Amino acid sequence: MSTLADGIETYGSEAKPRLGFFTDTSVCIGCKACEVACKEWNVLPEDGLDWTGQSYDNTGELGANSWRHVAFVEQNKPLKVDDGDFASADGEPEPLRWLMESDVCKHCTHAGCLDVCPTGSLFRTEFGTVVIQEDICNGCGYCVPACPFGVLDKRHLPRKPEDAPLALPLLGKQEDGRVWKCTLCYDRLKGGHEPACAKACPTDSIQFGELDELRERADKRLAKLEAERWNGAQLYGHDARDGVGGFGAFFLLLDEPQVYGLPPDPVVPTKHLPRLWRTTALAAATMLVGLAAAFVGGPE
Amino acid sequence: MTRSITDVGTSMQSYYGRPIVKEPVWKGEIPTYFFTGGIAGGSAVLHGLARVTGNDRLARTTLVVGAAAEAVSPLLLISDLGRPERFLNMLRVFKVTSPMSVGTWILVASSSSATGAAALEAFGVLRPLKWLAELTWFTTGAPLATYTGALVANTAIPVWSEARAELPWVFGAGACASAGAAATLFAPGGPARRAAIAGAVAELGLMQAMEKRLGLVGEVYKQGESGRFARISKACTAAGAGLLAWRGRESRAAAAAGGALVLAGSLALRWSVFKAGFQSARDPRYTVEPQKERLQQKGESA
């Protein structure tokens, strides 16, 4: 089933087939080549070398300077449903599996960040992806809490010298101050190349291509894993009827989304906006009536 | 063994207890703006009604107070931007899908008409233009006071998003309370005092109803900084409204004290709502639990 990304119709005949990622976590080996390739290609700054103590994950989360993030989950669960009988030294069953997932911006069909951007900096590309124009972004920060996945963030690193702050005290700030996120390598797509992360992935856990084709491929892969009785195999962001109209970058997971730090039922905030505007109009009208009533009873 | 989502280890049901949605990047300017914008919006409506009813004293007071609030508000918003020098980029587009875009245009109209009308009144020139500015200001008042509720509710922050039925009302009530209180502080009179009392009572009732209906997520209003601001807000608002109702008509001092208390309560309320958003984003339980419940309901109805 094909889904058109919001706003793609404005391209008319210049619209291209929708491109995206299918990230198959069942073959991810946690090498982080995607993280490195992304940083290299997009010239993302280093933002601290910290040990989190959380398995092999020292990136922590997606943000302004990390557009791919590999999650590592160590679990007391068998990889396959029938593999219940590993024996430990004392004879107790001790299943263990290690889940790895390379997370990325979902490039939603209905994108909250794009909807709420008040400058038009965030836009829908001809490939159906969602990109920030950094020469327009004024760092208002509205897209940050509007993303149901916590993908976007403001860059707090210092401005580059060529990007010097203005001399006025109110207008001058030391930090970059703009919001950054995955562009699905818009520059590479324009040149007919695949995004850096997919190019670097050694196991094809990150698959890039036309979304319709990726969806078919994912269905087949899921059917195979189910036949082999893999534990918890499920597609995430594959269903165009979900709260964001399906993802442009979707996943095959081996457990519930929240185990990987993903929301189980993401909904684009603007889904509720028509009703929210009605509530606001009603509250405003009530305010007028209420304040008018305060004048009944005279000036004292 | 019962598993909690924040368990860490091989049985954890969250990703190391890390947040799923990002905390907002907004700073103290934003809740302060919610307060000054509320005073401005409420003053705009009070001012228009005062003009119509010939209450010149209240009209003058609300124009001065309102224009001051309208002058400060854009500065607060610009100062919070990551790139303040690019604030004009807000005016490249008008997007009804973005309450911030809609609000920016409301504020542009409201702020320029209020400060323009105040200047024309001070210099006593261009009467018809001043009336036009005052009329414009009046029409922008209620939208300015309430859109901020829509702005925060239109996010993925659990405690804001789930309160989308209440937040515009909470902010509207807060605007009535604080605009009435500000006018009472400088020039006590019946309409302003009644607006402050009614707004304060509505504020208290709405906050109570919102916290209750929010269920699990609503508990952040009892915790941490949000809880502290909520308690300050309730105490100040109730004391101020009580004082205004009891002695606000007879005693100038009581009117001023009551007005100041209601103002403080309204400011604390905005900070409480603001901090609650951060607290609810920080704990993945508030993101995951309501969503899991929603999925379960969908599954049952399907």
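The values are calculated or read from the model by the stated rules, or taken from the named source; none is laboratory data. Because the structure is predicted, anything quoted here is derived from the model rather than measured. Using ideal geometry, Cβ is built from the backbone for each residue, glycine included, and neighbour counts are taken over all protein chains shown.
Values as computed for the structure displayed
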| read-out | value |
| --- | --- |
| Verdict on residue A:233 being under 21 Å from residue B:295 (Cα atoms), buried (at least 19 other Cβ atoms within 10 Å of the Cβ), more than 14 Å from chain B (Cβ to nearest Cβ) and among the small types (Gly, Ala, Ser) | yes |
| Condition check for residue B:76: farther than 22 Å from residue A:133 by Cα and either more than 9 Å from chain A (Cβ to nearest Cβ) or over 17 Å from the mean Cα position of the chain (by Cα) (or both) | yes |
| Candidates A:243, A:261 - the one that is buried (at least 22 other Cβ atoms within 10 Å of the Cβ) and closer than 23 Å to residue A:20 by Cα | A:261 |
| Some residue of region B:37-45 being more than 7 Å from chain A (Cβ to nearest Cβ), buried (at least 23 other Cβ atoms within 10 Å of the Cβ) and of a type in the set (Val, Ile, Thr) | yes |
| Considering residues of region B:79-128 that are at pLDDT 95 or above and of a type in the set (Lys, Arg) only, the residue surrounded by the fewest Cβ atoms within 10 Å (Cβ to Cβ) | B:92 |
| Residue identified as away from chain A (no Cβ under 13 Å), hydroxyl-bearing (Ser, Thr, Tyr) and under 16 Å from the mean Cα position of the chain (by Cα) among B:301, B:233 | B:233 |
| Wholly enclosed helices (runs of 4 or more DSSP H) of region B:91-184 bearing at least 2 residues more than 9 Å from chain A (Cβ to nearest Cβ) and farther than 30 Å from residue B:21 by Cα | B:99-123, B:127-153 |
| Residue ID - nearest to the other protein chains (Cβ to nearest Cβ), chosen from residues in region A:241-300 that are more than 30 Å from residue B:172 (Cβ to Cβ) and among the aromatic types (Phe, Trp, Tyr) | A:260 |
| Members of region B:1-36 found to be more than 7 Å from chain A (Cβ to nearest Cβ), at pLDDT 95 or above and in a loop (DSSP other than H, G, I, E, B), listed by number | B:23, B:27, B:28 |
| Strands (runs of 3 or more DSSP E) (entirely within region A:65-129) containing at least 2 residues that are modelled with pLDDT of 85 or more and within 26 Å of residue B:152 (Cα to Cα) | A:122-124 |
